[in-house]
Each structure stands twice: as structure tokens, then as C-alpha cells.
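The block underneath contains the structure these notes are about, expressed in C-alpha cells.
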């Protein structure tokens with residue numbers, strides 16, 4: 001009957017069955033039938049109808065006032081019940097820096113929500129150079145990022161959840177595009193595009209290690225840095241260089257635009273981990289449960 005009350009309220013508002021039906025996303029004939037059914041149920045004629053005008057009867061006018069009160073009471077009852085339910089839920093505040101976390105976070109969120117529906121997960125993007133500080137200031141409960149971003153702080157617990165091999169990424173017109181693997185000796189003549197390393201000491205060290213493994217000296221090989229991944233991808237698609245990315249995020253890109261290629265005899269990987277403040281799990285049972293969930297259910301190699 002609540003739905004019929006909503007239909008009645010819409011017709012009383014517009015005094016037009018067609019407009020009321022449009023507002024309620026039903027047909028005009030269905031709206032007319034619903035109002036007739038309501039009138040039959042309560043035994044009262046609510047509207048005067050003729051070919052040109054629709055108006056409320058005196059009884060309909062009184063009935064409208066009570067219907068408005070009933071609907072208001074219903075809405076308030078639902079809202080108050082939801083507030084009580086949410087008070088019993090715990091909120092876990094999670095920071096992430098992207099873009100590597102995107103290949104693992106969706107499966108974590110989906111699986112954990114099914115296991116613990118009463119815990120609300122609140123996500124916040126935090127730049128790499130601020131993510132440890134956010135943990136230390138307790139503005140977030142835990143953070144997802146590459147483990148090397150937390151190496152400098154002894155106050156944090158860090159575990160690695162997943163790893164993915166590094167790939168060379170080129171546009172579809174590049175001479176490497178159809179290769180399954182490429183030897184590092186062919187990379188020295190290429191222009192490398194990379195995310196600005198000044199954002200994170202850890203990322204800086206990771207980039208240095210990758211270039212060392214590839215036997216690439218930035219002093220002799222052209223390396224251009226960009227402020228974000230989107231800019232790097234744009235330039236790679238435009239044929240202005242190549243880049244290095246985790247193989248795991250290959251599915252995030254159109255295969256008609258980019259090719260991901262394994263590097264021969266290079267076993268370096270990108271890692272994704274989670275960090276939290278030491279001692280926090282003692283005071284926050286929901287945080288401890290989340291960490292245990294990660295340890296027991298995640299932790300795979302992604303390729």
C-alpha cells in the first residue's frame with residue numbers, strides 16, 4: 001500500500017495522470033489502475049476526473065494530509081533504524097597510493113565485504129610521500145603500497161601481499177610490439193618514460209635497481225620522468241617512448257593500444273604490501289581481524 005500512497009501523492013501533486021506516471025516511471029494506464037485500486041480498497045473517491053481536468057475531492061484532500069504524514073513517519077523510521085544499525089558497524093580507514101594497488105584491492109574489498117559485512121571500509125588516496133605520515137598520525141588504520149615505501153620507519157609493521165613481474169610496455173606500432181620477450185640489450189637505444197621519482201625515496205630506489213638490472217645508465221640512455229602514470233601511458237601510446245610496469249595491470253589497458261612484453265633473464269618484481277602502526281592491532285580488534293584475513297586469504301603471485 002505504501003507504493004499506492006506514493007502514486008496517489010504524485011497524482012495529487014501534478015493533478016495530471018500522465019505527468020504523475022512519468023515521475024513514478026510507470027505507464028499512464030498503470031497509474032490510473034493503481035489509483036482505482038486504492039479507491040476501491042478504502043471505499044473513497046479521491047479524485048474528480050473529466051476529459052480536461054483532474055482535482056482532489058474534499059475527502060481526497062483530507063486523505064492526502066494523512067498520507068503525507070504516513071510517508072514521513074515511514075521515512076523517519078527507516079532512517080532511524082539504519083542509524084542504529086550503522087552504530088553497530090565498525091569503520092576501517094584505508095589509505096592507498098596507486099596505481100599498482102589497483103590490481104589487488106578490488107578482490108580484497110569484495111572478499112572481505114562478504115566475510116565481514118558489518119565493517120565499513122573507507123578508502124582515501126594519499127600521495128606516496130605522505131602515506132607513512134598518515135599512518136603515524138593515525139588518520140588511517142592501514143595503507144596499501146609497495147613495501148619499499150615503508151622501509152624507513154621502524155614504527156610500522158609491513159607485509160607483502162602480492163608480486164608481479166616487470167614488463168616492458170610499448171605502443172602497438174613499436175618494433176617490439178609482437179614480441180613475447182625482449183632482451184635487455186635492445187633497450188639501451190629506447191627512450192624510457194617513468195613516474196617522477198621525487199615522490200618517494202622507495203620508488204627512487206626501485207627505479208635505480210631496475211635500471212641497474214637492465215644495464216641502463218640514465219646518463220647515456222634517454223629517460224624522461226612524468227608526474228603520474230596517466231601521462232606516462234599517454235606518451236607511450238603516442239609512440240614517444242616505452243615504460244616499465246607490473247605485468248599484473250595489463251588487463252587495465254586496451255590490448256589494441258599497448259603491448260606488455262616479458263624481459264629475458266630478469267626476475268625483478270613489483271610488490272604490493274600493507275602497513276599498519278605497531279600496537280594498533282591490540283587496541284583495534286577489527287584491524288587485527290582484517291590483517292588476519294589478508295594473511296589467510298590473499299598473498300599470491302599475480303601475472
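Just so you know, all these numbers are worked out from the coordinates, no wet-lab data involved. None of the values given here were measured: they were computed from a predicted structure. For neighbour counting, all protein chains shown are included, and Cβ atoms are generated from backbone atoms with ideal geometry for every residue, glycine included.
What is the gain in length, in nm to one decimal, between residue 124 and residue 265 on full extension, counting 0.36 nm per residue of separation less the C-alpha to C-alpha distance?
Here the segment from residue 124 to residue 265 would lengthen by 47.0 nm.
Taking the Cβ-Cβ separation of residue 1 and residue 254 as r and a Förster radius of 41 Å, what is the calculated FRET efficiency to the nearest 0.05?
Efficiency, rounded to the nearest 0.05: 0.20.
Given R₀ = 22 Å, what would the calculated FRET efficiency be for residue 238 paired with residue 179, taking r from the Cβ atoms and rounding to 0.05?
0.60
Suppose each label sits 7 Å from its Cα in the direction of the beta carbon; what would the residue 81-residue 114 distance come out to in nanometres?
It is 2.7 nm.
Tell me the label-point distance for the pair residue 68, residue 286, using the 7 Å Cα-to-Cβ offset, in nm and rounded to one decimal.
Computed distance between label sites residue 68 and residue 286 equals 3.9 nm.
If you average 1/r over all unlike Cα pairs in region 86-180 and invert the result, what Kirkwood radius do you get in angstrom?
15.7 Å
From Cα coordinates alone, what are the radius of gyration and Dmax values for region 4-80 in angstrom?
Cα only, region 4-80: 12.6, 44 Å (Rg, Dmax).
May I ask for the angle, rounded to the nearest 10°, between helix 105-115 and the longest principal axis of the chain, with both axes built from Cα atoms and the value confined to 0 to 90°?
Between helix and principal axis, roughly 50 degrees.
Sum -39500 (n - 2.57) across every DSSP H segment of at least 4 residues in the chain, then divide by the residue count to get the 222 nm mean residue ellipticity, nearest 500.
Result for the chain: -13000 deg cm²/dmol, rounded to the nearest 500.
So what are the chain's ellipsoid semi-axes, whole angstrom, largest first, if each one is the square root of 5 times an eigenvalue of the alpha-carbon gyration tensor?
They are 59, 28, 15 Å, listed largest first.
Measure nothing fancy, just the Cα-based angle from helix 285-297's long axis to the longest principal axis of the chain, in degrees from 0 to 90, nearest 10.
Computed tilt is about 60 degrees.
As an exercise, use a Förster radius of 30 Å and the Cβ-Cβ distance of residue 227 and residue 139 to find the FRET efficiency, rounded to the nearest 0.05.
Given R0 = 30 Å and the Cβ-Cβ separation, E is 0.80.
Given that compact globular proteins tend to follow 2.2 N^0.38 Å, what is the ratio of the alpha-carbon Rg of region 1-151 to that value?
In units of the globular-protein estimate, region 1-151 measures up at 1.76.
If region 10-55 were replaced by its equivalent ellipsoid, with semi-axes equal to the square roots of 5 times the Cα gyration tensor eigenvalues, what would those be, largest first, whole Å?
Those come to 16, 13, 9 Å.
Expressed as an acute angle from 0 to 90° and rounded to the nearest 10, what is the orientation of the C-alpha long axis of helix 28-42 relative to the principal long axis of the chain?
Tilt of helix 28-42: around 50 degrees.
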